[in-house]
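The values are calculated or read from the model by the stated rules, or taken from the named source; none is laboratory data. Computed from a predicted model, the values in this text were never measured in an experiment. Note that each Cβ is placed from the backbone with ideal geometry, even for glycine, and that neighbours are counted across all protein chains shown.
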Amino acid sequence: MPTTAWSPPCRRPARAVVVLVDGLGERLLRRRGGHAPFLRSLLPTGQSLVCGYPSTTATSMGSFGTGLPPGSHGLVGYEVLDPGTDAVFNELSWTDGPDPRSWQPEPTVFERAAAQGVGVARIGPAYFDGSGLTNAALRGGRFVAAGPLDARIAATAEAVAATKRSLVYLYWGDVDTVGHVHGCTSFEWGEEVERVDAALRRLAALVPDDTAIHVTADHGMVEVPFDRRIDLADEAGLLDGVASVGGEPRAVQLYCRPGAAEDVAAVWRARLGASATVTRRATAVGQGWFGPVHDRVLPRIGDVLVNLLDDTAVVDSSKMRPELLVLRGLHGSVTEDEVAIPLLSVPPRAGS
């Protein structure tokens, strides 16, 4: 994926704010940059990054929080198999999931920074504090609960000024939510990005002069028409030999019965044709999709991985909640609209 050269300030800043805008894909930002004049002004000195595989929040948060690839931190999808229970659980909600610190035992960036005397604060909604995903991927330092965007901006500015050496993480999820519900080409999506853009401009003016601000995302998004969704409830043949289905509509992970994986892959290839790639786990691991894969992580990955390439998705109306079936915007797969994310930086003010 093309990148733009970027050079950090010569002096390491004493304070840093890292903002993660959920769902703010780099290609989406460029395509609809008229809604984001502040962020658009940072694009020439920014970078285009690849979020990793699959392009989903839980996996990206694992990489963001630990600095490790998915095969090392172990958060390898939206819904994944827990080999200890042989049950699929959701790594975003963590309902009925395993102990998060055992599931992801590697130290986080926040833990390492706090151990070095940096004042670490994480700003987000109250229900994130102590959640499974937070404890797995984003633990360390102190958590500051704040709801509305203006409240989070104020809390971030206060936290970064509280100590001479500080690292503050600010999360905002509504761009992703609006994209899922209304679509990433909708006027609602543009309005939400305008709101975030204005708030980040205010943040840049509020922080101390020696503060660097970095803005990134966890994934992008595509829109999938409802008539382009393959429903497993109507496609029984696709489940022959499949013990469990994980992943998500754009990146399906199939956990197969013993000896059935090759036949399952062949059936899915025949059904989806050029709309998808269908790949065995060994091939995906060998090609480095997940980075180096730890032995404890390998059985969490599906035996067969299905990535949708065009405006297609795979759903299951017999099992998915109705509100998930009507989402317009989706992600998880390997297209550039889904995997390209920005890294935009505001350096410390001159003279700091």
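Evaluate the following for Thr134: is it closer than 21 Å to Asp22 by Cα, buried (at least 20 other Cβ atoms within 10 Å of the Cβ) and touching a His at 6+ places or on another chain (Cβ under 7 Å)? It is false that Thr134 is closer than 21 Å to Asp22 by Cα, buried (at least 20 other Cβ atoms within 10 Å of the Cβ) and touching a His at 6+ places or on another chain (Cβ under 7 Å). Every test in (1) under 22 Å from Leu203 (Cα atoms); (2) hydrophobic (A, V, I, L, M, F, W, C); (3) surrounded by 15 or more Cβ atoms within 10 Å (Cβ to Cβ) is passed by Ala151 save one, and that test is (3). Scanning the stretch 247-282 for residues that are of a type in the set (D, E, K, R), crowded, with 23+ Cβ neighbours inside 10 Å and in a strand (DSSP E or B) yields one hit, Glu248.
Looking across the stretch 295-318 at every residue that is surrounded by fewer than 17 Cβ atoms within 10 Å (Cβ to Cβ) and touching a Ser or Thr at 6+ places or on another chain (Cβ under 7 Å), the one that is farthest from Gly247 (Cα to Cα) is identified as Asp310. Whether any residue in the stretch 275-291 is within 18 Å of Pro83 (Cβ to Cβ) and in contact with a Ser or Thr (Cβ under 7 Å, 6 or more places away or on another chain) is what I want to check. No, the stretch 275-291 has no match at all.
If you filter the stretch 319-352 down to residues that are of a type outside the set (D, E, K, R) and at pLDDT below 95, you find that the one that is surrounded by the most Cβ atoms within 10 Å (Cβ to Cβ) is Ser352.
Report yes if Ser244 is among the polar types (S, T, N, Q), modelled with pLDDT of 95 or more and more than 30 Å from Val120 (Cα to Cα), otherwise no. Criteria met by Ser244. Evaluating Pro249 against the criteria (1) in contact with a helix residue (DSSP H, G or I) (Cβ under 8 Å, 6 or more places away or on another chain); (2) under 13 Å from Leu308 (Cβ atoms) leaves one unmet condition, (1).
Scanning the stretch 215-246 for residues that are surrounded by fewer than 18 Cβ atoms within 10 Å (Cβ to Cβ) and assigned to a helix (DSSP H, G or I) gives Phe226, Asp227, Arg228, Ala233, Asp234, Ala236, Gly237, Leu239. Looking at Pro70, Pro107, just one residue is in contact (Cβ under 8 Å) with a residue 60 or more places away in the chain, touching a helix residue (DSSP H, G or I) at 6+ places or on another chain (Cβ under 8 Å) and in the same structural domain as Ala217 (by TED's automatic domain parsing), and that residue is Pro70. Test Ala58 against the stated conditions and say whether it is closer than 15 Å to Val297 by Cβ, in the same structural domain as Val196 (by TED's automatic domain parsing) and not in a strand (DSSP E or B). The answer is yes for Ala58.
Scanning the stretch 95-104 for residues that are assigned to a loop (DSSP other than H, G, I, E, B) and without any contact (Cβ under 8 Å) to a residue 40 or more places away in the chain, we see that the one that is surrounded by the most Cβ atoms within 10 Å (Cβ to Cβ) is Gly97.
Among residues of the stretch 288-300 that are of a type in the set (Val, Ile, Thr), those with a Cβ under 6 angstrom from a residue that is surrounded by 12 or more Cβ atoms within 10 Å (Cβ to Cβ), sequence gap 6+ or separate chain, pair up as Val293/Gly71; Val293/Val285; Val297/Gly71; Val297/Gly74.
Yes/no matrix, rows are residues, columns are (1) surrounded by fewer than 19 Cβ atoms within 10 Å (Cβ to Cβ); (2) of a type in the set (S, T, N, Q):
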site	(1), (2)
Arg30	yes, no
Ser55	no, yes
Leu68	no, no
Gly77	no, no
Thr85	yes, yes
Glu91	no, no
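Take the residues in the stretch 66-85 that are among the β-branched types (Val, Ile, Thr) and under 14 Å from the mean Cα position of the chain (by Cα); name whichever of them is nearest to Ala136 (Cα to Cα). Looking at the filtered set, the residue picked out is Thr66.
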